[in-house]
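Coordinate-derived values only; no laboratory data. Computed from a predicted model, the values in this text were never measured in an experiment. Neighbour counts run over all protein chains shown; Cβ positions are idealised from the backbone, glycine included.
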Amino acid sequence: MKIRSLRNLLAIRSAWIALVPFLLSAILGWFWLRPQMVADTEEHQRQLAKVIASRTEAYLVASSEAIARTASVFSKRLVSPDNAQEYLDTVLESSMNLTSITFTDVKGRITAIALPKGKASLRQEMIGIDLSLTSAVRTVRSSGKPAWSDAYLSPVGGGLAVAYATPTADGVALGEISLTQLCVQAVFPFTKRGCH
């Protein structure tokens, strides 16, 4: 029979005593805690996605309603032609979501437009531009129902935007909705970073 030294025997047993609980906890963590953490993370992401989707929908609905109300005011001729530009500018200033509001005639040419104060000098240059080939205006003219455009880089606001177009008595009302403001107001209201 082989004789082992007491020191080696104690060292091996001490190592096993330290190693066995560590291995058991690692196995327990891998097979029980890890799936639990994955499930918790997935549930958190699902809830976050629902909140973001809800806020996004509320943002876009509120913006489209502002455009539809403005179109209704013009369709019902509640604003005199002399005060139309002032009314459009006021609506634009009161809505942080909108980058511009445009009205076209039945042929799709711009008849009135509200731009941010820094771009107001472009107003006269834009009157008469043909928007009949843009997807949202074309859809409204053919169907008579409101339409959304795809997202695009705004020439007015400089960031991502989407257009909402709705029919009016004399053509189409087109509002440009800032998606950058969506990030600031609806998706990340608790941070200063927005969507970068």
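With helices as the sole contributors, the chain gives -15500 deg cm²/dmol at 222 nm; each DSSP H run of n ≥ 4 counts as -39500 (n - 2.57), and the sum is divided by every residue. Across every pair of non-identical alpha carbons in the chain, the mean reciprocal distance, once inverted, gives a Kirkwood radius of 20.8 Å. Overall form of region 96-138: oblate. Here a/c, set by the Cα gyration tensor axes a ≥ b ≥ c, is 1.5 or more, and a/b is not larger than b/c. Membrane-span-like helices of the chain, defined as complete DSSP H segments with a Cα extent of 30 Å or more along the helix axis and a mean Kyte hydropathy of at least 0.5, are identified as 6-28. Summarised in one figure, the compactness ratio Rg/Rh of region 114-153, Cα atoms and Kirkwood Rh, is 1.06. If R₀ is 35 angstrom, what is the calculated FRET efficiency for the pair Ala169 and Arg46, using the beta carbon separation as r and rounding to 0.05? Efficiency at R0 = 35 Å is approximately 0.20.
Using C-alpha pairs under 8 Å with a sequence gap of at least 6, the mean separation divided by the residue count of region 10-114 gives a relative contact order of 14 percent. Between Val79 and Ile129, residue separation times 0.36 nm minus the direct Cα-Cα distance comes to 15.7 nm.
Residue ranges 34-42, 129-137 sort as 129-137, 34-42 when ordered by packing (mean number of other C-beta atoms within 10 Å per residue, highest first).
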